[in-house]
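Structure provided below as structure tokens; questions to follow.
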Amino acid sequence: MTATLGTAFAARTGGPRRLAGTGALLRLALRRDRVMMPVWIVVVAGLVLAMPGSLESVYATAAERADAMETMNANSSMRAMYGPVLGDSLGALSAWRIGGYAGVLAAVMSLVIVVRHTREEEESGRQEMLSASMVGRRAPLTAALLAAGAANAGAGLLIALGMAGHGTAGALALGAGIAGTGMVFAAVAAVAAQLTESARLTKGLTAAVLGAAYVLRAAGDAGDTGDTDGSSPATWLSPLGWQQNLRAFAGERWWVLALVGAAIVAQGAAAYELAGRRDVGMSFLPTRPGPARGRLATAGALALRLQRGAVAGWTAGFLLAGLVFGQMASGAADIVGDNENTRDIIERMGGQAGLTDAFLATLTGLFGMVAGLYVVASVLRLHGEETSQRAEPVLAGAVGRLRWAAGHLVIAFGGTVLLMAVCGLGMAVGHGDGGDAGAVLGACLAQLPAIWVLGGLAVLLVGAYPKAAVASWAVVGTCLAIGWIGPALDLPQAVMNLSPFGHLPKLPGAAVSWPPLITLTLLAAALTAAGLAGLRRRDVIS
């Protein structure tokens with residue numbers, strides 16, 4: 001059997017000669033990702049493993065968990081966000097609450113790894129140099145997929161070992177489902193890397209497929225008003241729905257893994273076939289040449305042209321999420337019910353001024369932390385322009401470094417204002433209480449100083465310590481973990497204050513406290529100024 005599979009794999013990939021050098025490229029990829037990959041694995045697995053303890057503090061008895069299951073399944077907005085609850089054990093509730101989002105994180109991790117070691121290598125010219133030596137034609141793609149496989153296997157294994165105390169079969173199913181979801185989108189990224197000409201377009205195309213998968217899953221679960229078991233056809237069309245229908249801790253369906261495996265093999269075969277039909281650096285969907293005379297007169301216009309797709313996508317996502325969560329806030333009392341532990345957690349996250357206001361304050365805080373991901377990604381675009389050597393032609397003209405950086409920073413920091421504004425408007429419309437519209441919008445905008453601190457730190461790393469720029473993701477990930485899990489674990493205030501979001505007033509409901517808002521804004525400005533000073537002094541990366 002093994003020999004047959006090996007023969008089939010060799011035939012598909014073009015034989016051993018076309019895989020020559022795969023081991024060396026894999027070792028190189030693992031060495032380059034020796035910091036990023038473990039961080040991703042720990043974040044994905046850590047979020048899952050922290051969930052049972054958090055839920056146990058909220059739903060201490062089987063009766064409370066059964067009531068929670070009934071309540072959540074009766075709420076279409078909750079089903080759209082998390083899917084249906086398929087069991088009332090701690091393991092099943094954990095799989096419901098965090099399993100889908102861990103799958104999304106695994107998918108993002110996978111697309112980053114695959115694009116980094118395929119299209120980015122070609123775009124930088126390094127792949128052409130490597131291909132001139134004893135490296136087979138299919139070796140780079142194989143090494144990238146193996147690196148993604150190692151990362152997903154590591155996360156899945158940690159999850160399975162950590163959740164084994166709640167049921168061995170369920171733990172294995174949850175770990176395998178999350179790892180399988182990551183590999184499905186690793187294969188999607190492998191295909192996209194053959195179709196598109198730049199790493200940016202490859203990531204955008206893969207992210208669009210991931211977003212469509214989430215929308216399909218959400219639409220299927222939200223519309224399933226009969227037996228809330230995830231059996232909607234729309235759910236089955238989504239790889240995220242496959243993970244859900246694996247039913248970890250709720251009567252596992254092991255045969256769903258065959259569907260996951262088939263998708264990985266089919267997409268991987270397509271990627272290998274496409275890779276064999278193009279030249280290094282080329283693509284099947286080449287970028288159209290621009291006009292003979294340029295129409296972008298400023299560095300700011302160029303930055304907007306480069307980032308407009310990301311801004312539009314994030315804006316649409318925040319608006320939609322604001323509408324959905326605003327509707328959930330209207331039924332906050334029904335969701336919480338008589339569970340005092342849940343009420344206490346929401347009040348720790350959102351303040352004491354009434355359950356609805358506390359729920360809204362909790363949501364605005366979470367949206368602020370997610371917006372931190374946007375601002376870091378947007379600032380790091382500066383670093384990407386440098387490392388891809390696209391910044392040098394711009395700076396070789398009459399454009400100074402500060403002017404070039406300012407174009408991207410306006411998009412980064414100004415984009416957060418747009419995101420939080422549309423989110424606030426969406427929440428106000430979804431909530432439906434016109435009298436609270438201004439308060440909700442103000443609460444969303446009050447998150448900006450903390451978001452800007454994360455952006456300022458990213459500017460500092462890009463400008464003064466470019467080799468450590470990727471650490472910006474670790475900082476924003478830590479803040480997200482503290483804000484999301486900290487209140488449920490009742491962490492000390494000193495730990496909560498490690499995040500800039502821990503210093504913000506709990507709006508709406510509480511009184512506006514200007515000193516922390518002003519202090520955080522000044523800190524963000526100082527970090528940004530220090531980063532720009534470092535960028536002005538150092539050499540451009542080449």
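The values are calculated or read from the model by the stated rules, or taken from the named source; none is laboratory data. The shown structure was predicted, so the numbers you read here are calculated from the model rather than taken from an experiment. Cβ atoms come from the backbone with ideal geometry, glycine included; neighbour counts cover every protein chain shown. Note: accessible area is taken over every heavy atom of the protein model, side chains too, but ligands, DNA and RNA are not part of it. Shrake-Rupley method; radii C 1.70, N 1.55, O 1.52, S 1.80 Å.
Restricting to DSSP H runs of at least four residues, report the calculated mean residue ellipticity at 222 nm for the chain, -39500 (n - 2.57) per run over all residues, nearest 500 deg cm²/dmol.
Details: 26 runs with 398 residues, N = 542.
It lands at -24000 deg cm²/dmol.
Given a Förster radius of 25 Å and the C-beta distance between Gln493 and Trp514 as r, what FRET efficiency does 1/(1 + (r/R0)^6) yield to the nearest 0.05?
Numbers: r = 20 Å, r/R0 = 0.82.
Taking R0 as 25 Å, the efficiency between Gln493 and Trp514 is 0.75.
I'd like the distance between the alpha-carbon centres of the range 102-160 and the range 454-532, rounded to an integer number of Å.
31
Size of the chain along its principal axes in angstrom, Cα-based, largest extent first?
That works out to 68, 64, 40 Å along the principal axes.
Just subtract the alpha-carbon distance of Arg27 and Ala62 from 0.36 nm times their residue separation and send over the number in nm, one decimal.
On the way: separation 35, 0.36 × 35 = 12.60 nm, distance 4.81 nm.
Stretched fully, the Arg27-Ala62 segment lengthens by 7.8 nm.
Quick check: net charge around Arg27, other residues with Cβ under 12 Å of its Cβ, Lys/Arg +1 and Asp/Glu -1?
For residues surrounding Arg27, the net value is +2.
Something else now. Give the accessible surface of the range 67-108 per residue, rounded to a whole number of Å², with probe radius 1.4 Å and ligands, DNA and RNA excluded. Present the calculation step by step, with values, prior to reporting the outcome.
Details: 1220 Å² over 42 residues.
Accessible surface, normalised per residue, equals 29 Å².
Can you give the net charge of the other residues whose Cβ lies under 12 Å from the Cβ of Gly415, counting K and R as +1 and D and E as -1? Before the final figure, lay out the partial values.
Values: positive: Arg308, Arg381; negative: none.
Here the count lands on +2.
Same structure again: Could you do me a favour and compute the accessible area per residue for the range 350-433, 1.4 Å probe, result in Å²?
Numbers: 2780 Å² over 84 residues.
Per-residue value: 33 Å².
Under a Cβ-only charge scheme (Lys and Arg +1, Asp and Glu -1), can you give me the dipole magnitude of the chain about the Cα centre, in debye to the nearest 20? Please list the in-between numbers first.
On the way: 38 positive and 32 negative charges, 577 e Å.
Computed about the Cα centre, the dipole is about 2780 debye.
Exposed loop sites here are chymotrypsin sites (Phe, Trp or Tyr not before Pro) in DSSP loop states with at most 15 other C-beta atoms within 10 Å. What is the longest stretch of the chain lacking them? The partial results should precede the final answer.
On the way: sites that count: Trp254, Trp255, Phe284.
Segment 285-542 is the longest.
Here's a follow-up. For the range 110-229, what is Rg from Cα atoms divided by 2.2 N^0.38 Å, rounded to two decimals? It would help to have the intermediate numbers written out before the result.
Working: Rg = 17.7 Å, N = 120, 2.2 N^0.38 = 13.6 Å.
Relative to the 2.2 N^0.38 Å estimate, the range 110-229 comes out at 1.31.
Dividing the alpha-carbon radius of gyration of the range 157-208 by 2.2 N^0.38 Å (N being the number of residues), what value is obtained?
Details: Rg = 15.5 Å, N = 52, 2.2 N^0.38 = 9.9 Å.
Computed over Cα atoms of the range 157-208, the ratio equals 1.57.
Counting only protein heavy atoms and a 1.4 Å probe, tell me what percentage of the chain's accessible area is made up of carbon and sulfur. Intermediate results must be reported in sequence, preceding the final value.
Values: 15310 of 23520 Å².
Carbon and sulfur atoms account for 65 percent of the accessible area of the chain.
So what's the net charge close to Ala92: Lys and Arg +1, Asp and Glu -1, counting the other residues with Cβ under 10 Å from its Cβ? Write down the numbers at each step before the final one.
Values: positive: Arg65, Arg97, Arg247; negative: Asp88.
Every neighbour counted, the sum reads +2.
Another question, then. Treating the beta-carbon of each Lys and Arg as +1 and of each Asp and Glu as -1, no other charges, what is the dipole magnitude of the range 190-265 about its Cα centre, to the nearest 20 debye? Intermediate values should be presented prior to the final figure.
Details: 5 positive and 6 negative charges, 59 e Å.
Computed charge dipole of the range 190-265: roughly 280 debye.
What do you get for Rg/Rh of the range 493-542 when both radii come from the Cα atoms and Rh is the Kirkwood radius?
Working: Rg = 15.9 Å, Rh = 13.3 Å.
Using only Cα positions, Rg/Rh for the range 493-542 is 1.20.
Which is the longest run of the chain containing none of the trypsin sites (Lys or Arg not before Pro) found in DSSP loop states (not H, G, I, E, B) with at most 10 other C-beta atoms within 10 Å?
Working: sites that count: Arg34, Arg277, Arg293, Arg295.
Of all site-free stretches, the longest is 296-542.
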